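J.: Dumping the structure here so I can ask a few things about it.
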Amino acid sequence: MEQFKGQPRLPKFAVPKRYDLNLKPDLTTCKFTGSVAVDIDIVEFTNFIVLNAAELTIDNRSVSFATKTSSKVFEPKKVDVMEDDEILVLEFAETLPIGVGVLNIGFEGVLNDKMKGFYRSTYEHKGEKKNMAVTQFEPADARRCFPCWDEPACKATFKITLLDVPSELVALSNMPVIEEGVNGKLKTVSYQESPIMSTYLVAVVIGLFDYVEDHTSDGINVRVYCQVGQANQGKFALNVAVKTLEFYREYFAVPYSLPKLDMIAIPDFAAGAMENYGLVTYRETALLFDDLHSAASNKQRVATVVAHELAHQWFGNLVTMEWWTHLWLNEGFATWVSYLATDNLFPEWKIWIQFLDESTEGLRLDGLEESHPIEVDVNHASEIDEIFDAISYRKGASVIRMLQSYLGAEVFQQSLASYIKKYACSNAKTEDLWTALEEGSYEPVNELMNSWTKQKGYPVISVKVKEQKLEFEQSQFLSSGSSGDGQWIVPITVCCGSYNVRKNFLLQTKTKEFMGFSIRNESGNASSNWIKMNVDQTGFYRVKYDEELAARLRYAIEKKLLTETDRFGILDDSFALCMARQQSLTSLLTLMGSYREEVNYTVLSNLISISYKVGRIAADANPELVDYIKQFFISLFQYSAEKLGWDPKQGESHLDAMLRGEILTALALLGHEETVNEASKRFHAFLEDRTTSLLPADLRRAAYVAVMQKVSQSDKSGYESLLRIYRETDLSQEKTRILGSLASGPDANIILEVLNFLLSSEVRNQDVVFGLNVSSEGRETAWKWLKDNWDYISKTWGGFLITRFISAIVSPFASFEKAMEVEEFFASRSKPSVARTLKQSIERVHINAKWVQTVQNEEHLAEAVKELAFRKY
Ligand code: BES
Ligand code: ZN
């Protein structure tokens, strides 16, 4: 049996074709029993059948194998559960006959509280606490519910039956019910057999729910299930789902492949949502929308998450990645196409501009030496969780966008449709997608894209003016300031002085000279003749301009000559270069000054988040400058704050509603007196009357943050009022909004109280990470708290949630001593599932520490900051 240990993948002696699965969950004792009969095809002479199982008790006497042609039953001489490898090895005395047979296994398990496998979630009904049973199998946890070949390439059909379900409960699975037999208080529910699919997409949910329903123009029944009495909150998502299914049907040129689609909100849920075939599960915040208490940002979240999960019904469920190395095909693609679908439904949201938030997060993570290639080796199940990260999702989506804009939307869509058609009900690898696109476009897609998916990192393109020429040079960008040795095939786009004067080409070498533009214009006025590369920010790279070109761009920004996307890109690149110490803080701040009249939501919200980061570094580098820097930021944000005002304007845009909340939150965090006072006033009105129009949902986060700025040991009333709202609301979005603001204040003792509250039974495990948004004053407290509670935390949170604790608390540090302390603490406590995140977080601390040193030594910074702070506009 030794030969099966430590292998990344199952041996392929037997191929599963069909599972007949019975499950009998007991919601009172939180246990389940089950039996599975798997039709398998033995394809090699062997005495062994090896499949996955974990945390299950196998009933040895129930295990048998029989062929359909003879009456002979094979019983294993040995049944071995290898927990480390999560496999079940059955050894038979005789060699098994080649051909089809049925494997029977009986088993039992526990409905766990870890939000994976077959688990328990809780809810209240008529004042009583109740259990529901839910599955979450991606990436590799179907094996915690039933023995199976738990790999994406092992596709089979599933015929599922649930036994002894309390008759009053709703019991759902991937397929529609074909038969329901009620026997007194219990019922047996069986479902139609599914088309062939991967194990990680199998799902079951049992609990009390209400639903709303509708259908698509081609007759697919769509339902949204919510807590009893709250079905109204499902209407928005329902509408999005129906229209999105219709959109994808056109886009992929293949109809949705199942007879129904259910979407359901689960109160305890580790991820945001899960694309189970025909039964998509969601966190409540990602599915429910309340007209009075949900914000515009909540609405957008619901729409994009629904669009993302429904994209998987084609890209992921119908065509599945061959192995987890190609996870990004699923996630990167679904992320990209969710923007296409959302843009189609809500063009006024200008969601493609917001796509830049994806790219910038991808660039941020991929600027680390501890990043990984998009196509990454996976050797053990425990390594899979960690690759659900910004590389797979955001860099993945960004390189797809880059390719689409290089090939053209039409060719891209047609090639995709043929890819889907070719691999439907089957599996594909990254290169299969490239081949389809290559065949459709006659472009060297494989070669081009390999440079982006097989090596980590990305280039920074330096551009200089030399005589009448532009000089380009690519080198790998690293936030640490070192230069890596990667090289890419870069789709370059450049505009000169106007969006009509544009050149596109592939940069295949390290350097290139370019003469196509007249760089100085007739009047000799160089400042108007700007050069912008990476036009519209569709490329996954950064650009470093020489001083002269940078000055021209600042001028173009102030003169409002550039698009939102380009304004975003110039700012974002400049920030990254500053952090990598390739540009002074003075020059970044000067550039930020050009955005004073910025009105675009995405650009401003990036300006805000950059200001937080710069503020923190400045505080570490030179505390005396902090007040001036704050003053400067306040002056930057006031223009749009005044334009937007506090009260929503009749018929205003979705983006203005979101922007108002963000700007006021930023001003509150900067301690801007007027904002803090006005926010407190409105907050108190809201305490009296939760429906007051003085504090619409879009403003609440700002008000909560403002209130927390005033809370101290001696006056905790604001904190207590927030806890009261937290306890009274049953809307998950309201709860997370509060959690996200509790640790934002300056009092470290309060922060400790908040952190301890997070570990209390009042906060669901799924939500704790939202509370880790700690102010700089609470940084040390949070670290000490993490160390003190690490044993409990690492036992309670698994998967990717645990990585959030580390990145949220460790990455804000900015000294080498701290980096060492973190390393020492985790030396004996790291584990495979957090190893990469830990290294990335420590790298960030080093980057911050170097940045602080550089800023400390920057000449003339103080003068520049003061000048900016006191500048009159
Ligand atoms: N397939 C994922 C869910 C998932 C994530 C399973 C991590 C296992 C581990 C799902 O399609 C997804 O990507 N959900 C996102 C939301 C999406 C809109 C980005 C999530 O959970 O954050
Ligand atoms: Zn996804």
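Bear in mind these aren't lab numbers, they're just calculated from the coordinates by the rules spelled out. Quick caveat, the model's predicted, so the values are computed rather than measured. Ideal geometry is used to build each Cβ from the backbone, glycine not excepted, and the neighbour counts take in all protein chains shown.
J.: For region 805-820, take each phi angle, set θ = phi - 60°, evaluate the Karplus expression 6.51 cos²θ - 1.76 cosθ + 1.60, and give the result in whole Hz per residue in order, putting x for glycine and proline.
T.: The phi angles translate into 4, 5, 5, 5, 8, 7, 4, x, 5, 9, 9, 5, 4, 5, 4, 5 Hz.
J.: Measure off 7 Å from each Cα along the Cα-to-Cβ vector at Lys466 and Asp164, then give the distance between these two points in nanometres to one decimal.
T.: My value for the distance between the label points is 7.9 nm.
J.: Determine the distance separating the Cα centre of region 37-73 from the Cα centre of region 428-469; give it in Å without decimals.
T.: Comparing the Cα centres of region 37-73 and region 428-469, I get a distance of 46 Å.
J.: Relative contact order, percent, of the chain when contacts are C-alpha pairs under 8 Å separated by at least 6 residues?
T.: 8 percent
J.: I've got another one for you. Relative contact order for region 1-155: what percent, with Cα pairs under 8 Å and sequence separation of 6 or more?
T.: Dividing the mean separation by the residue count of region 1-155 yields 26 percent.
J.: Rounded, prolate or oblate, given the Cα gyration tensor of region 737-865, with a/c below 1.5 counting as rounded?
T.: Oblate, because a/c is 1.5 or more while a/b does not exceed b/c.
J.: Continuing with the same structure: So what is the 222 nm mean residue ellipticity for the chain from helices alone, if each DSSP H run of at least 4 adds -39500 (n - 2.57) and you divide by all residues, rounding to the nearest 500 deg cm²/dmol?
T.: -13000 deg cm²/dmol, from helical runs alone.
J.: Consider a paramagnetic label point 7 Å from the Cα of Phe870 along Cα→Cβ; state which residues of region 625-666 have an amide N under 13 Å from it.
T.: Taking a point 7 Å out along Cα→Cβ of Phe870, the residues of region 625-666 whose backbone N falls under 13 Å are 628.
J.: Hey, another quick one. Calculate the length of the line joining the C-alpha centroid of region 546-610 to that of region 359-405, in whole Å.
T.: Each part reduced to its Cα centre gives a spacing of 26 Å.
J.: Taking H as built 1.01 Å from N, whose amide H comes closer than 5 Å to the amide H of Val319, not counting residues under 5 places away?
T.: Under 5 Å from the amide H of Val319 lie the amide H atoms of Cys425, each far enough along the sequence or on another chain.
J.: Thr69 label point, 7 Å along Cα→Cβ, cut-off 20 Å on backbone N: hits in region 85-108?
T.: 94-104
J.: Enter the angle in degrees (range 0 to 90, nearest 10) between the Cα long axis of helix 564-579 and the first principal axis of the Cα atoms of the chain, meaning the one along which they spread out most.
T.: So the helix axis and the longest Cα principal axis differ by about 90 degrees.
J.: Follow-up question, since we're still on this one. Exceeding 21 Å between C-alpha atoms, which entries from my cross-link table qualify? They are Lys735/Lys839; Lys456/Lys850; Lys818/Lys839; Lys510/Lys839. Let's see the in-between values first.
T.: Values: Lys735/Lys839 32 Å; Lys456/Lys850 23 Å; Lys818/Lys839 14 Å; Lys510/Lys839 30 Å.
Where the Cα-Cα span goes over 21 Å, the pairs concerned are Lys735/Lys839; Lys456/Lys850; Lys510/Lys839.
J.: Going by average Cβ neighbours within 10 Å, how do the peptides 271-277, 463-469, 281-287 rank, with the highest at the top?
T.: Going from most to least packed, we get 281-287, 271-277, 463-469.
J.: Can you give me the distance in nm between label points at Lys839 and Asp627, each placed 7 Å from the Cα along the Cα-to-Cβ direction?
T.: Simple spin-label model gives 4.5 nm for this pair.
J.: Sequence-distant or interchain residues sharing an amide H contact under 5 Å with Ala273, placed H: which?
T.: Arg283
J.: Right, here's the next one. Given a Förster distance of 25 angstrom, what is the FRET efficiency for Lys78 paired with Lys831, based on the Cβ-Cβ distance and rounded to 0.05?
T.: On the way: r = 31 Å, r/R0 = 1.22.
It comes out at approximately 0.25.
J.: In whole Hz, what ³J(HN,Hα) sequence does region 603-620 give by Karplus (6.51, -1.76, 1.60; θ = phi - 60°), x for Gly and Pro?
T.: Ordered by residue, 3J(HN,Hα) equals 5, 5, 6, 6, 4, 5, 5, 5, 5, 4, 5, 5, x, 5, 5, 4, 5, 6 Hz.
J.: In the structure shown, do any of Lys24/Lys185; Lys17/Lys159; Lys464/Lys512; Lys469/Lys503; Lys503/Lys532; Lys78/Lys831 have a Cα-Cα gap over 21 Å, and if so which?
T.: Where the Cα-Cα span goes over 21 Å, the pairs concerned are Lys78/Lys831.
J.: Which residues in region 734-748 place their backbone N less than 13 Å from a point set 7 Å from the Cα of Gln713 along the Cα-to-Cβ direction?
T.: 747-748
J.: Given a Förster distance of 56 Å, report the FRET efficiency between Asn183 and Ile98 from their Cβ-Cβ distance, rounded to the nearest 0.05.
T.: So, using R0 = 56 Å, E works out to roughly 0.85.
J.: For region 272-326 and region 80-146, compute the distance between their C-alpha centroids and round to whole Å.
T.: One Cα centre to the other: 24 Å.
J.: Further question: Set Lys and Arg Cβ to +1 and Asp and Glu Cβ to -1, take the dipole of the chain about its Cα centre, and tell me which of Phe74, Leu238, Cys148 lies farthest positive.
T.: Leu238
J.: Hey, can you rank 174-181, 773-780 by average C-beta count inside 10 Å, highest first?
T.: Final packing ranking: 773-780, 174-181.
J.: Here's another thing I want to ask about it. Calculate how large, on average over all directions, the projected area of the Cα convex hull of region 1-82 is; give the answer in nm² to one decimal.
T.: If you wrap the Cα atoms of region 1-82 in a convex hull and average its projections, you get 6.8 nm².
J.: Need one word for region 569-724: rounded, prolate or oblate. Basis is the Cα gyration tensor (sqrt eigenvalues a ≥ b ≥ c); a/c below 1.5 gives rounded, then a/b vs b/c decides.
T.: Note, shape of region 569-724 comes out oblate.
J.: Collect residues whose amide H, placed 1.01 Å from N in the peptide plane, falls under 5 Å from the amide H of Gly486; neighbours closer than 5 in sequence don't count.
T.: For Gly486, the qualifying residues are Gln476.
J.: With the radius of gyration and the Kirkwood radius both derived from the Cα set of the chain, what is their ratio Rg to Rh? Provide the component values of the computation, followed by the final result.
T.: Details: Rg = 28.2 Å, Rh = 29.0 Å.
Using only Cα positions, Rg/Rh for the chain is 0.97.
J.: Packing-wise, with mean Cβ within 10 Å as the measure, how do 185-197, 252-264, 530-542 rank, highest first? It would help to have the intermediate numbers written out before the result.
T.: Details: 185-197: 18.2, 252-264: 20.2, 530-542: 24.1.
Result, highest mean first: 530-542, 252-264, 185-197.
J.: Tell me the angle of helix 832-856 to the major Cα principal axis of the chain, expressed in degrees between 0 and 90 and rounded to the nearest ten.
T.: That helix lies at roughly 0 degrees to the long axis.
J.: Sticking with this one: What is the extension gain from Arg596 to His380, computed as 0.36 nm multiplied by their sequence separation minus the C-alpha to C-alpha distance, in nm to one decimal?
T.: 72.7 nm
J.: Follow-up question, since we're still on this one. Let me spell out the model: positive unit charges on the Cβ of Lys and Arg, negative unit charges on the Cβ of Asp and Glu, origin at the Cα centre of the chain. What dipole size does that give, in debye rounded to 20?
T.: 540 debye
J.: Only Cα pairs under 8 Å and at least 6 apart count here; give the relative contact order of region 728-788 as a rounded whole percent.
T.: 40 percent.
J.: Right, next: For the Cα atoms of the chain, what angle does the longest principal axis make with the long axis of helix 547-558, in degrees from 0 to 90, nearest 10?
T.: 80 degrees
J.: Which ³J(HN,Hα) values in Hz, rounded to whole numbers, follow from the phi angles of region 471-481 under the Karplus curve 6.51 cos²θ - 1.76 cosθ + 1.60, where θ = phi - 60° and Gly and Pro get x?
T.: 10, 10, 9, 9, 8, 5, 8, 10, 5, 5, x
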